[in-house]
Amino acid sequence: MSHEPLETLRSAGTPVDLLSEPEREVFASLSPDEVSVLGSIQTRLNAVSAAVEGQVADSNTNVVC
């Protein structure tokens, strides 16, 4: 199995294309275990992001200025 950290992280939903070149180099040098941990975290964040984003939107509509 090939080790392509950026593609693996991109597939998990990590926005690696938004990183600077030096940041991408750091991510590209991650070990398979490090990529696995980050991918797992990204998957869990993606699973709750809709609920969190909805709460933020709800909070904005209930603000009285």
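The values are calculated or read from the model by the stated rules, or taken from the named source; none is laboratory data. This one's a predicted model, so the numbers in the text were calculated from it and none came from an experiment. All Cβ positions, even for glycine, are placed from backbone atoms using ideal geometry, and neighbour counts span all protein chains on display.
Tabulated data for the structure shown
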item: Tabulated pairs, the stretch 4-30, first under 15 Å from Arg44 (Cα atoms), second of a type in the set (D, E, K, R) and assigned to a helix (DSSP H, G or I), C-beta under 8 angstrom, 6+ apart or interchain; result: Arg10/Asp17
item: Residues of the stretch 1-12 satisfying the condition of being of a type in the set (A, V, I, L, M, F, W, C) and not in a helix (DSSP H, G or I); result: Met1, Ala12
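Yes/no per residue for (1) out of contact with any Leu (no Cβ under 9 Å at 6 or more places or on another chain); (2) surrounded by 10 or more Cβ atoms within 10 Å (Cβ to Cβ); (3) part of a loop (DSSP other than H, G, I, E, B); (4) at pLDDT 95 or above:
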| site | (1), (2), (3), (4) |
| --- | --- |
| Thr14 | no, yes, yes, no |
| Leu30 | no, yes, yes, yes |
| Asp33 | yes, no, no, yes |
| Leu38 | no, yes, no, no |
| Gln42 | no, yes, no, no |
| Ala51 | yes, no, no, no |
